[in-house]
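In what follows, a single structure is set out as structure tokens and then discussed.
The values are calculated or read from the model by the stated rules, or taken from the named source; none is laboratory data. It should be emphasised that the depicted structure is a prediction, and the values quoted were computed from it without experimental measurement. Because the Cβ atoms are built from the backbone with ideal geometry, glycine has one as well, and the counts that use them run over all protein chains shown. Keep in mind that these areas ignore ligands, DNA and RNA; they rest on the heavy atoms of the full protein, side chains included. Shrake-Rupley method; radii C 1.70, N 1.55, O 1.52, S 1.80 Å.
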Amino acid sequence: MWALRRASPALVTAAAAKLHSDRRGRRELSAPSRCESLQAAAQLILRDSVQYAELNGLLYGLKDPGADQSAATQTPVAMLPFCIPEKAFQDCVALSPLWNKLVDAVARDVKWLHATLETVAKADPFTGRLLKISKQIHEEGLRQPLMLGIHRSDYMLHSGAEPRCLQVELNTIASSMGCHAFHVEKLHRFVLGRFQEGAVGRAIRGHYGDLKGDDLTKRLPRNVTLEAIPAALSRAQAVYKAQTKGAKDPVVLFVVNDDGRNFADWCFLEYALWEVHNVRVLKKSLKEVAEKASMDKEGRLWLEEEEVAVSYFRAGYGPEDYPSEVEWSARLLLERSAAVKCPSVDYQLVGAKKVQQALARPGAVERFLGPDSAKLRGCFAGLWGLGPGEDDQAIVKLACEKPEGFVLKPQREGGGHNFYGKDVAVKLKELSPQERSAYILMQRILPGLQESVMTRQGQLKVMECLSEFGFYSVYLGDGRTAHLSAHAGHLVRTKAQGVDEGGVAAGYAVISSPFLTS
Ligand code: ADP
Ligand code: MG
């Protein structure tokens, strides 16, 4: 993606030289374009910014670290925050408790959830397997009704007469990047505060329009991810401890993947749990869980000598995390046990794209939320079910004729699976009606563009970009009592115009932060 609109090194050097000469008060040769001056300013503070990022936890493991397993690079980040109207931002914050309530209500209505996913399960073996686990644990009797949700609702600001946030998706498992987002706020506070003087300051100020003498750092909302998420995990551990006879100092298990490149995004949760809450974390892959974990006759989960109070999944959301039956056996063990799952398989299933689409049907979200539903409906994009029982002929025809207006999505998480533009039509024509049930169609959201400075591997690119805004929320409940329901911070991911997918790890996007405008 870096090949897109790459600015030539000569242009960067010339622009940087111009800024130097401006600073010395020499005559300007010509007025620089905004893009050029931002590029030059960014180049001058690139090293300072990237060093600040790295020394404040914005690290990412190398793909091929060789012998040095500690080798890392910077997390891909934007050097400057991305503008969003304050009202749109606050509106999304206000939706957090509603998403919490909705996920819990849907997960507790197992009949509705299972029926909604029945056809998908036939066409998509991964969803089928999760559904099978859910059915099994309910047939056996749900051993642990307490469930912890760490969700993230992702939106894009759809351009139009009145831009408004439309939901891209709701993540209910491994809602990641919260630690990085916390540290990016810090980075942006540093950049906006520290580099106010001279040509760099003027270029940054110019980038944000005419804000006169305003302190730009005041436009950065505090990001609470690194307080709220560990506090929720700690709360779940405490409630487990209180309800479990003789549980002394149970641990929180982080289920992580083997490659561990995104370690900096979960290690800070681990440190906060230890340093702030005095709760110990063990990190294991599903394979290690299969080898080392067992359940006693009361259903309590043990990792060798340690009792597990909470099982927090940072892996396990896609088929690639289950290369064999060993990993599936680990997942089943965790689900059957009395440990609090974050998420339970039911919470995970509520995050399926099919459920998002089914909730958009008339009357569906109302079934779970009553009068509050209207607030959520305001951010629903167009969503259509496919396959037998969905009466999809008209929408399939339209999507084949005008594919640029749609995104075709399978039941997958983690980026890189959707179809955009003409591929929507190609894929729809390829699929049989049965196969289509594994997918949903979604209205393509069209956000406005802003010039952004993207940094990756110590290099920068200034590009026209769009952003996706994520809002975390945490919820702990047992179906009767809500022990906790709160907004838990935010995430901004920025990607170049023309890039369809959005993952940071996958190399499509960088992490940014919101700059609130009036
Ligand atoms: P995943 O679970 O793989 O993250 P998403 O639904 O979030 O799936 O889609 C991946 C990316 O594709 C998003 O981050 C976003 O950049 C883009 N995308 C998804 N849905 C839409 C949409 N309706 N309109 C525009 N872009 C979308
Ligand atoms: Mg996503």
* Treating the beta-carbon of each Lys and Arg as +1 and of each Asp and Glu as -1, no other charges, what is the dipole magnitude of segment 361-475 about its Cα centre, to the nearest 20 debye? -> 60
* To do: Using the Cα centre as the reference, give the magnitude of the dipole from point charges on the C-beta atoms of the chain (Lys, Arg: +1; Asp, Glu: -1; all else neutral), rounded to the nearest 20 debye.
  => 1060
* To do: Taking H placed 1.01 Å from N in the peptide plane, check which residues at least 5 places from residue 283 or on another chain put their amide H under 5 Å from its amide H.
  => 254
* Structure fact -> To the nearest 0.05, the calculated FRET efficiency linking residue 497 and residue 435 through their beta-carbon distance, R0 being 35 Å, is 0.65
* Post the alpha-carbon centroid distance, segment 363-406 to segment 331-353, in whole angstrom. => 26
* Asked: Nearest 10 degrees, 0 to 90: what angle lies between the long axis of helix 125-140 and the longest principal axis of the chain (Cα atoms)?
  -> 40
* In sequence order, calculated HN-Hα J values of segment 118-123 (Karplus, 6.51, -1.76, 1.60; Hz; x Gly/Pro) -> 4, 5, 4, 4, 6, 8
* Asked: Projected onto the charge dipole of the chain (+1 at Lys/Arg Cβ, -1 at Asp/Glu Cβ, origin at the Cα centre), which of 180, 55, 196 gives the Cα projection farthest towards the positive end?
  -> 196
* Might you report the magnitude of the Cβ-based charge dipole of segment 435-516 about its Cα centre, with Lys and Arg at +1 and Asp and Glu at -1, to the nearest 20 debye? => 60
* Violating pairs (Cα-Cα greater than 20 angstrom) within the set 111/354; 353/495; 284/341; 212/461; 122/353; 87/186 -> 353/495; 212/461; 87/186
* Asked: Mind checking which aspartates and glutamates have their C-alpha under 16 Å from residue 241, skipping anything on the same chain fewer than 8 residues away?
  -> 249, 298, 306, 307, 478
* Structure fact -> Once phi for every residue in segment 481-492 is put through the Karplus expression 6.51 cos²θ - 1.76 cosθ + 1.60 (θ = phi - 60°), the whole-Hz ³J(HN,Hα) values, with Gly and Pro written as x, are 10, 9, 7, 7, 8, 8, 5, 9, x, 9, 9, 10
* Return the aspartates and glutamates within reach of residue 397: Cα separation strictly under 18 angstrom, same-chain partners fewer than 8 residues apart disregarded; answer none if there are no such residues. => 423, 430, 435
* Asked: Mind ordering 383-393, 300-310, 231-241 by average Cβ neighbours within 10 Å, highest first?
  -> 231-241, 300-310, 383-393
* To do: Would you pull out the residues with amide H under 5 Å of residue 168's amide H, same chain only if 5 or more places away, H placed 1.01 Å from N?
  => 154, 155, 156
* Asked: Residue by residue, what Karplus-based ³J(HN,Hα) values in Hz, rounded to whole numbers, does segment 245-253 have, using 6.51, -1.76 and 1.60 with θ = phi - 60° and x for Gly and Pro?
  -> 4, x, 6, 8, 9, x, 9, 9, 8
* Asked: Can you give the angle from 0 to 90° between the axis of helix 34-55 and the longest principal axis of the chain, with both taken from C-alpha atoms, to the nearest 10?
  -> 50
* Solvent-accessible area, 1.4 Å probe, carbon plus sulfur percent, for the chain -> 52
* Asked: Taking the Cα centre of each part, how many Å lie between segment 271-291 and segment 455-518?
  -> 25
* Asked: Residue separation times 0.36 nm, minus the C-alpha to C-alpha distance between residue 288 and residue 63: what's the value?
  -> 78.8 nm
* On a 0 to 90 degree scale, rounded to 10, what angle separates helix 198-207 from the longest Cα axis of the chain? -> 50
